[in-house]
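Peer 1: Can you read through this structure? Questions will come right after.
The values are calculated or read from the model by the stated rules, or taken from the named source; none is laboratory data. Predicted model only: the values in this text are computed from it and were never measured. Positions of Cβ are generated from backbone atoms using ideal geometry, with glycine treated the same way; all protein chains shown enter the neighbour counts. Side chains are part of the model used for accessible areas, which takes the heavy atoms of the whole protein and leaves out ligands, DNA and RNA. Shrake-Rupley method; radii C 1.70, N 1.55, O 1.52, S 1.80 Å.
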Amino acid sequence: MRRIDYRHQTVIVTGASSGLGAEFARQLAARRSNLVLVARRADRLQNLADDLTRTHGVTVTVVARDLGLPDAGRTLRAELESRGIHATGLVNNAGFGSHDPFRDENPERLQSMIALNVAALVDLSHAYIDPLTSAGNGFLINVASILGYQPTPYLSVYGATKAFVLSFTESLWEETRGTGLRVLAVCPGAVETEFYDAAGSQSADYGSKRATVDHVVKTALDTLDRRSAPPSVITNGRPLALASKVLPRRLVVSAMGWMARRAMHA
Ligand SMILES: NC(=O)c1ccc[n+]([C@@H]2O[C@H](COP(=O)([O-])OP(=O)(O)OC[C@H]3O[C@@H](n4cnc5c(N)ncnc54)[C@H](OP(=O)(O)O)[C@@H]3O)[C@@H](O)[C@H]2O)c1
């Protein structure tokens, strides 16, 4: 496939008020894409939109929205299209984790996590699969995690949501092959963002070194641009994901539990 011409795109970026989402917005705007920025914190989105419009001359629309609400994808598409905004790219990035023994987790918070990390991502992907495909040059990026490659004790529900995102997105990659739509699951290792504040624990990185958002997003966009792009890319923390492919399952789970306990007590 040809390299993506980002100048003719309108890209929705969810979770654009901080971290990886804000960086996706910055790097896409630098490639001259128009943007729709979605998250709950309107003031942050508006500041970023003003900055990107001023710096790159792109059109940026802000939608302050809780994507954890039911039918988030269909509702967003209907609203944008009623305003004449037709997206050709989608970055499903919004997500959060929670770092605790499962029995101590707040059940409502777990439901919200599944609603955002899984249900909203699926609903948005489904709402936009046809328009992104018919755009001819469209793309769908879903942000998973290296934690999607193996069970994650003490981040048990979060890791399972990311395993879902990885599996789901790789399936879409195969289903849409040859249609012109590019699909990519992005699997970062630990990244320096507000994720750890939201997760309520700085040790949710299992004690590993954190990459910059710049590195992760650049790797994602460079991978998407490859002539024969893979269904997923590990942007950092590759040894952890690779170990889980070759070691016995029982050993992997135990090692993950040991690393998590060690990081919690460090
Ligand atoms: N940081 C890491 O180490 C790491 C590693 C692997 C994967 N990831 C994944 O990367 C993605 C981005 O996370 P990040 O690291 O950039 O963390 P972050 O800085 O905390 O960003 C999370 C984003 O999601 C948005 N969000 C949270 N709840 C939302 C809701 N209910 N509705 C709409 N937006 C919501 C937040 O905005 P508002 O609060 O304004 O709504 C924020 O913009 C997530 O999917 C995360 O799982 C992160």
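Peer 1: Return the pair list, or none, for Cβ contacts closer than 9 Å from residues in region 85-112 that are away from the ligand (no atom under 16 Å from the Cβ) and open to solvent by 80 Å² or more (accessible area, probe 1.4 Å) to residues that are modelled with pLDDT of 95 or more and not in a loop (DSSP other than H, G, I, E, B), at least 6 apart or on different chains.
Peer 2: Taking only residues 6 or more apart or on different chains, the pairs are His86/Thr10; His86/Leu80; His86/Pro131; Phe102/Leu110; Phe102/Ser156; Phe102/Val157.
Peer 1: Does region 1-49 hold any residues that are touching a Gly at 6+ places or on another chain (Cβ under 7 Å), among the hydrophobic types (A, V, I, L, M, F, W, C) and either near the ligand (Cβ under 8 Å from one of its atoms) or in a helix (DSSP H, G or I) (or both), and which are they?
Peer 2: Selection gives Ala39 alone.
Peer 1: Determine which single condition Phe168 fails, assuming it passes every other condition in (1) of a type outside the set (Asp, Glu); (2) open to solvent by 40 Å² or more (accessible area, probe 1.4 Å); (3) over 14 Å from the mean Cα position of the chain (by Cα).
Peer 2: Condition not satisfied by Phe168: (3).
Peer 1: Here's a follow-up. Of a type in the set (A, V, I, L, M, F, W, C), open to solvent by less than 50 Å² (accessible area, probe 1.4 Å), in a helix (DSSP H, G or I) and more than 11 Å from the ligand (Cβ to nearest atom) - does that describe any residue in region 186-209?
Peer 2: For region 186-209, residues of a type in the set (A, V, I, L, M, F, W, C), open to solvent by less than 50 Å² (accessible area, probe 1.4 Å), in a helix (DSSP H, G or I) and more than 11 Å from the ligand (Cβ to nearest atom): absent.
Peer 1: Which one of Leu221, Leu181 is away from the ligand (no atom under 11 Å from the Cβ) and more than 17 Å from the chain's Cα centre (by Cα)?
Peer 2: Answer to the check: Leu181.
Peer 1: Then there's this: Among residues belonging to region 134-159 that are open to solvent by 40 Å² or more (accessible area, probe 1.4 Å) and touching a Ser or Thr at 6+ places or on another chain (Cβ under 8 Å), point out the one that is nearest to Ala94 (Cα to Cα).
Peer 2: Among them, the one singled out is Tyr149.
Peer 1: Any chance you could count how many residues in region 1-46 are at pLDDT below 95 and open to solvent by 80 Å² or more (accessible area, probe 1.4 Å)?
Peer 2: Summing the residues that are at pLDDT below 95 and open to solvent by 80 Å² or more (accessible area, probe 1.4 Å) in region 1-46 gives 5.
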